[in-house]
Amino acid sequence: MSRSWNDRVLVAVLLARFVRARWGYRFRSRERFDAWHGRRLARFLRRLRAVPYYASDVRPAGVDGSEASRTARVELSDLPIVDKGVLLEHFDGLNTRGVRLVDALGVALEAERTRDFAPLVAGDLTVGLSSGTSGRRGAFLVSPRERMLWAGTVLARVLDRRSVGQLLRPWAPPVRIAFFLRAGGNLYESVASSRIRFSFHDLTEPFDSHLAALDAGAAAGAGPHVLVAPASVLAALADRAREGRLRIRPRLVISVAEVLEPEVAERIRRAWGRAPRQVYQATEGLLALTCEHGSLHLNEESVRVEREWLDAERTRFTPIVTDFDRRTQIIARYRLDDVLRVDPAAPRCPCGRVTTVLAGVDGRADAVLRLPHASGLREVELFPDVVRQAMAVASEAYADWRIRQRGLDLHVSLAEPAPGAEVRVRELLERLLRSHGGRVDVVFDAWEPADPTVKARRIVREPASA
């Protein structure tokens, strides 16, 4: 069946973004990039005049619709910082189609119940449901154009040269991409074509059924070229591959939805002989992608990232995000509760991009443990990378681990612990706290398998009453 005119326009949007994201956006210096980026930001701010929530913020007081209003310069800092609570409370005013939150959530929750992610809202908008790890579910809206921009960027930035070459040769077989995700939907499936074949594996279904399907495909010579899944799922697949229970040999492995920790990346590398790439994406936008040299670059071509520094050395920060590509549900000065790390002394990435390289994504701000100092006069902060390094020392003594701070106690769960594992872990954590001047009581809880529909979080700080 021939494509409609609208479909052809969307394909053109995807191809244009693919070409630009793959071979364009090259700048000789950070200064030139910043000048270009500033022009994009100015255009974005002008568009906000049509967004109900920002109507008063982007129009000077006492001016309404005049030439002065249209030409007055608005700075990003003039806008309020928003968070998830504001986004949900003012949902209809923060989207340009007037969609109500109750209607968006109704479509999203029905899709979750039926596992049919095709229904749309307002005629053509895909509705996604945020995972709710922060305690409150939310919805996000994506237009067809925004889907194409997303797909063009991701395909261009994460596919290796061999996959891109295969994609561009009409006589070559299509690139097979296997997705393991909690929810499918138009965001991924809308870019399927004769050149790309997606197989979607629903994480709410029994895991073993997916393994059987993957193994059968590999046996028939139709295993995935590209494997995309949350880090915890990739780790489970990699373990089975190393044990000889899964015969797939993907040439590209991409981690999504969860923090990719170094020990998990190493398990994946040992299984398939290649380091995984990472797509760091939140409900609020596509935030960072790994380049061919293994560096995780902020997606600053499409996203403005302001930094709220968490330490005097300026190595860790909470990002405040403004997404230039989102024209349906506006993301402007949205404060995430993730903690990102940078290395101020890091050289420019050999890939040639001048965008910021992250030293790590430490996860949510509530993964920072806050425990009393031995003096009782202040708190000690332990960032997730420090805790992970300590737990890695004894990693041969257990298959997996989780830590939850409840009040002043650290509750530790170990999967398949070897004899003496709890004693070693207690000593490691107590030594770590002492080195920071802190004190802690370590409590061991029974291990419980993670819910596959929820993002895995190894380190969480909970209130004392939780």
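Would the stretch 334-351 turn up any residue that is open to solvent by 30 Å² or more (accessible area, probe 1.4 Å) and on the phi > 0 side of the Ramachandran plot? No, the conditions are met nowhere in the stretch 334-351. Of the numbered criteria (1) open to solvent by less than 70 Å² (accessible area, probe 1.4 Å); (2) part of a loop (DSSP other than H, G, I, E, B); (3) modelled with pLDDT of 80 or more, the one ALA12 fails is (2). One residue stands out in the stretch 227-258 among those that are in a helix (DSSP H, G or I) and of a type in the set (D, E, K, R): the one that is most open to solvent (accessible area, probe 1.4 Å), namely ARG242.
The criterion of at least 3 residues that are modelled with pLDDT of 80 or more and within 30 Å of GLY352 (Cβ to Cβ) is met by the following helices (runs of 4 or more DSSP H) wholly inside the stretch 52-164: 144-158.
Of all residues in the stretch 13-25, those that are touching a residue at least 60 places away in the same chain (Cβ under 8 Å) have Cβ atoms under 7 Å from Cβ atoms of residues that are among the acidic types (Asp, Glu) and open to solvent by less than 80 Å² (accessible area, probe 1.4 Å), 6 or more apart or on another chain, in TYR25/GLU301. Out of the residues in the stretch 400-431 meeting the condition of being in a loop (DSSP other than H, G, I, E, B) and within 15 Å of VAL443 (Cβ to Cβ), tell me which one is least open to solvent (accessible area, probe 1.4 Å). Among those that are in a loop (DSSP other than H, G, I, E, B) and within 15 Å of VAL443 (Cβ to Cβ), it is GLY407.
Out of the residues in the stretch 432-444 that are among the charged types (D, E, K, R) and farther than 25 Å from ALA399 by Cβ, state the one that is surrounded by the most Cβ atoms within 10 Å (Cβ to Cβ). Checking each candidate, the answer is ARG439.
Within the stretch 106-133, the residues that satisfy the criterion of being surrounded by 18 or more Cβ atoms within 10 Å (Cβ to Cβ) and either under 17 Å from GLU284 (Cβ atoms) or under 22 Å from the mean Cα position of the chain (by Cα) (or both) are ALA108, ALA111, PHE117, LEU125, THR126, VAL127, GLY128, LEU129, SER130. All of (1) open to solvent by 80 Å² or more (accessible area, probe 1.4 Å); (2) more than 30 Å from ALA111 (Cβ to Cβ); (3) at pLDDT below 85 hold for PRO449 with one exception: (2).
If you go through the stretch 264-277 and pick out every residue that is assigned to a helix (DSSP H, G or I), out of contact with any Lys or Arg (no Cβ under 6 Å at 6 or more places or on another chain) and open to solvent by less than 40 Å² (accessible area, probe 1.4 Å), you end up with 4.
Okay, residues lined up against (1) under 23 Å from the mean Cα position of the chain (by Cα); (2) within 28 Å of ASP124 (Cα to Cα):
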site: TRP5; (1), (2): no, yes
site: ARG17; (1), (2): yes, yes
site: ARG20; (1), (2): yes, yes
site: SER29; (1), (2): no, no
site: PHE33; (1), (2): no, no
site: GLY38; (1), (2): no, no
site: LEU45; (1), (2): no, yes
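Among all positions in the stretch 453-462, there is no residue which is under 29 Å from ASP208 (Cβ atoms), surrounded by fewer than 16 Cβ atoms within 10 Å (Cβ to Cβ) and small (Gly, Ala, Ser).
Checking GLU205, GLU261, GLU301 one by one, the residue that is among the charged types (D, E, K, R) and open to solvent by 20 Å² or more (accessible area, probe 1.4 Å) is GLU205 and no other.
Every condition in (1) touching a residue at least 12 places away in the same chain (Cβ under 8 Å); (2) open to solvent by 60 Å² or more (accessible area, probe 1.4 Å) is met by LEU377 except one, and the failing one is (1).
Scanning the stretch 317-330 for residues that are without any contact (Cβ under 8 Å) to a residue 60 or more places away in the chain and under 14 Å from GLN281 (Cα atoms) turns up PRO319, VAL321, ASP323.
The set of residues in the stretch 272-289 being of a type in the set (A, V, I, L, M), within 14 Å of ALA151 (Cα to Cα) and touching a helix residue (DSSP H, G or I) at 6+ places or on another chain (Cβ under 9 Å) consists of VAL279, LEU286, LEU289. Looking across the stretch 165-199 at every residue that is of a type in the set (A, V, I, L, M) and assigned to a loop (DSSP other than H, G, I, E, B), the one that is modelled with the highest pLDDT is identified as ALA172.
The values are calculated or read from the model by the stated rules, or taken from the named source; none is laboratory data. Here the structure is a predicted model, which means the values were calculated and not measured. Cβ coordinates were reconstructed from backbone atoms using ideal geometry, including for glycine residues, and neighbour counts include every protein chain displayed. With ligands, DNA and RNA removed, areas are computed over all heavy atoms of the protein, side chains included. Shrake-Rupley method; radii C 1.70, N 1.55, O 1.52, S 1.80 Å.
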